[in-house]
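Some notes on the structure that comes next.
Please treat every number below as a calculation from the coordinates, not as lab data. If you're wondering where the values come from, they're calculated on a predicted model, not measured in any experiment. Here Cβ is always computed from backbone atoms with ideal geometry, including for glycine, and neighbour counts include all displayed protein chains.
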Amino acid sequence: MIPNALKTKPFAIVSELNQNFEFMDILPVFLRDCNSQAQLSTWFLTPLVSVLHIKSLQNFLFTFLLFQFGLLYFTKMYFQTVLRPLLSRRLALGLRRSYAKDIKFGPEVRALMLQGVDVLADAVAVTMGPKGRNVIIEQSWGSPKITKDGVTVAKAIELKDKFQNIGAKLVQDVANNTNEEAGDGTTTATVLARAIAKEGFEKISKGTNPIEFRKGVMMAVEKVVDELKKNSKTVTTPEEIAQVATISANGDRTIGDLISNAMKKVGKDGVITVKDGKTLIDELEVIEGMKFDRGYISPYFINTAKGAKVEYQDALVLFSEKKISNVQSIIPALELANSKRKPLVIVAEDVDGEALSTMVLNRLKVGLQVAAVKAPGFGDNRKSTLHDMAIATGGIVFGDDADLVKLEDLQATDLGEVSEVVITKDDTLLLKGKGNKENIDRRVTQIKDEIDQTTSQYEKEKLQERLARLSNGVALLKVGGSSEVEVNEKKDRVNDALNATRAAVEEGIVAGGGTALLRCLPALDQVKPENEDQRTGIDIVRKALKMPCTQIALNAGIDAAVVTQKVLDGKGDFGYDAMKGEYVNMIEAGIIDPTKVVRTALLDASGVASLLTTAESVVTEIPKEEKAPMGGGMGGMGGMGGYDM
């Protein structure tokens with residue numbers, strides 16, 4: 001109802017109309033509450049007489065009626081053109097604040113997700129095979145990245161549309177999972193995932209039950225995996241290892257030979273690290289013994305001018321988790337080393353204060369053979385590394401959690417022994433530790449168990465480094481090149497080749513170029529579906545298995561259908577060499593894939609893609625509406641203070 005204050009003071013309406021635009025929000029209510037035309041007339045009678053000063057009643061009534069009809073017409077038009085859009089916007093904003101999610105259903109959302117899948121798969125698929133193309137990725141800093149690595153391309157893709165982006169991200173997860181588990185095969189996984197998802201969406205839109213469809217897909221994949229394992233061949237010789245690495249490095253024989261040599265020197269389970277080189281060529285460096293990236297604490301310990309190094313033979317090593325500052329705590333160790341006429345190297349959290357100054361003074365004045373180095377790593381990793389080194393050299397770690405032995409009570413058996421120690425300003429190398437072999441083997445087994453149990457990639461890398469220090473050493477692959485862009489591109493290929501080689505050693509190899517998947521097609525005839533929807537899933541897997549071979553041929557610029565059919569007509573390891581453009585025995589030609597890579601790619605692709613087809617609705621966040629900026633200001637004299645001039 002209309003407030004009494006307004007009824008008694010009609011001019012209040014006029015003044016509020018002039019002073020406060022928000023009053024217009026209640027104008028339709030005011031008009032609704034006017035019970036009759038007479039009431040409306042009474043409302044405006046007093047103000048009109050006062051304002052118009054009409055002397056003639058007849059003229060007044062005529063004028064009043066015209067004014068009344070005009071007012072009603074104006075009110076109606078104002079409500080339709082101004083108030084209704086205003087109220088609609090406010091209502092929409094209120095609803096948006098209440099429902100901060102955007103939800104789409106059925107065929108509409110599946111079509112959007114498929115568009116995202118297609119965008120990502122198209123970008124990744126062009127890198128497949130020996131004649132695959134490079135992809136250039138803009139980076140927030142530095143030069144653009146040029147790569148043929150499928151997972152690197154997949155990770156770089158972000159779509160503006162939320163629903164398309166969800167489809168792309170799900171396939172991106174396929175590539176990531178395959179890369180983490182097998183280390184390679186991300187492009188194959190992406191191509192397979194797109195094939196299954198695309199065909200699946202089409203069939204489901206025509207009435208196929210998505211749950212039964214997924215069951216059929218998984219039945220077919222299980223059969224293909226069994227067939228891959230049957231066809232797998234073990235990898236044993238350095239030549240076979242080089243072939244696997246060469247194929248994964250996109251035909252780069254130099255990288256293949258480099259990885260093969262590295263594995264020969266540090267073993268199949270050894271640590272091989274890829275780093276930037278400082279020359280134009282690729283180099284292999286094998287570090288034997290225990291090396292870590294901490295140098296001498298003081299340059300006064302240097303005893304070899306050439307190279308500014310500390311070099312000792314047949315040295316004793318003291319390990320401590322705690323900082324050493326008190327000189328009294330190291331005197332027993334110094335006296336023991338001096339009595340045995342052997343150098344002493346202290347590896348501790350830190351050495352400073354009186355302890356450091358005493359060591360330096362004795363080194364300079366007396367010629368005492370001594371050096372101090374900070375322990376590598378941080379936190380628990382530092383503790384574990386110190387214990388590894390103590391076991392490898394036959395010593396113990398002082399200041400650990402148990403703290404059973406004090407530095408002041410040190411005995412000769414508490415110190416580790418090494419045949420040689422080399423310390424630079426950046427790193428330390430302990431060679432030929434004299435630890436007990438049984439203790440070392442026990443420690444190696446413990447670290448391997450930890451590697452199997454951990455899910456963190458970072459922790460796994462650190463554990464593998466520790467394992468290498470205790471076993472066969474570390475191989476460094478130094479990737480050379482004429483520019484940072486070239487080195488980074490090559491590093492991606494080296495890492496792929498290294499991961500693929502490890503996978504090949506683990507589970508064996510199959511014919512490459514998509515041939516292995518084509519040879520599994522006859523096995524699908526043995527899968528017995530329970531209904532037509534499951535049969536549809538099996539048939540879609542049958543089509544998807546042809547896609548890797550097809551994509552490789554497409555990237556080589558030839559008729560993919562002809563190539564795929566000819567390989568299908570062949571037997572055994574017969575396949576297509578896209579690099580030379582001829583049909584060959586793939587195994588004999590060295591065109592091979594690790595079984596683990598193909599298996600993992602298929603499992604990850606089918607799992608995510610078939611699950612994607614079961615989605616009936618998708619919920620996303622509604623992006624926040626940003627307020628429009630103020631006017632142009634002073635820029636270009638186009639305006640001033642937010643107003644256009």
| note | Ranked output for segments 323-332, 243-252 by mean other Cβ atoms within 10 Å, highest leading, reads 243-252, 323-332
| Between the range 121-160 and the range 406-459, how many Å separate their Cα centres? | 41
| task | Take the Cα pairs of the range 457-504, get the Kirkwood Rh, then feed it into Stokes-Einstein at 25 °C and 0.890 mPa s and tell me D in µm²/s. | result | 197
| How big is the gap, in Å, between the Cα center of the range 480-527 and the Cα center of the range 596-624? | 22
| task | Would you pull out the residues with amide H under 5 Å of Asn303's amide H, same chain only if 5 or more places away, H placed 1.01 Å from N? | result | Lys309, Val310, Glu311
| Taking the highest mean first, how do the peptides 178-191, 610-623, 585-598, 212-225 order by number of other beta carbon atoms within 10 angstrom per residue? | 178-191, 585-598, 212-225, 610-623
| Can you list the HN-Hα couplings for the range 384-394, worked out from phi with the Karplus curve (6.51, -1.76, 1.60; θ = phi - 60°), rounded to whole Hz and with x for Gly and Pro? | 5, 5, 4, 5, 4, 5, 5, 5, 5, 9, x
| note | For Gly435, other-chain or 5+-apart residues with amide H closer than 5 Å (H placed, Pro excluded) are Thr393, Gly394
| query | Per residue Cα convex hull volume for the range 229-331, in cubic angstrom? | reply | 210
| said: If amide hydrogens are placed 1.01 Å from N in the peptide plane, which non-local residues have theirs closer than 5 Å to the one on Phe574? | reply: Met586
| request: Determine the alpha carbon to alpha carbon distance for each of Lys233/Lys265; Lys104/Lys198; Lys145/Lys265 and list only those over 21 Å. | output: Lys233/Lys265; Lys145/Lys265
| query | Using a basic spin-label model with each label point 7 Å from the Cα along Cα→Cβ, how many nm lie between Lys206 and Glu616? | reply | 2.2
| note | The farthest towards the positive end of the charge dipole of the range 193-249, of the residues Ser232, Ser205, Ala195, given +1 on Cβ of Lys and Arg and -1 on Cβ of Asp and Glu, is Ser205
| Rounded to the nearest 20 Debye, what is the dipole magnitude of the range 182-224 about its Cα centre when Lys and Arg each give +1 and Asp and Glu each give -1 at the C-beta? | 160
| message | Using +1 at the C-beta of Lys and Arg and -1 at the C-beta of Asp and Glu, which of Thr186, Ile103, Phe163 has the Cα lying farthest in the positive direction of the dipole of the range 93-228? | response | Ile103
| request: Starting from the Cα gyration tensor of the range 412-472, multiply each eigenvalue by 5, take the square root, and state the resulting semi-axes largest first in whole Å. | output: 25, 17, 8
| What Kirkwood hydrodynamic radius do you get for the range 153-193 when you take the inverse of the mean 1/r over all pairs of distinct Cα atoms, in Å? | 10.3
| remark: Flagged as over-length at 24 Å C-alpha distance, from Lys155/Lys596; Lys291/Lys406; Lys309/Lys491; Lys169/Lys203; Lys425/Lys478, the pairs are Lys291/Lys406; Lys309/Lys491
| said: Please list, in order along the range 151-156, the HN-Hα scalar couplings obtained from phi with the Karplus expression 6.51 cos²θ - 1.76 cosθ + 1.60 (θ = phi - 60°), rounded to whole Hz, x for Gly and Pro. | reply: 5, 5, 5, 4, 5, 7
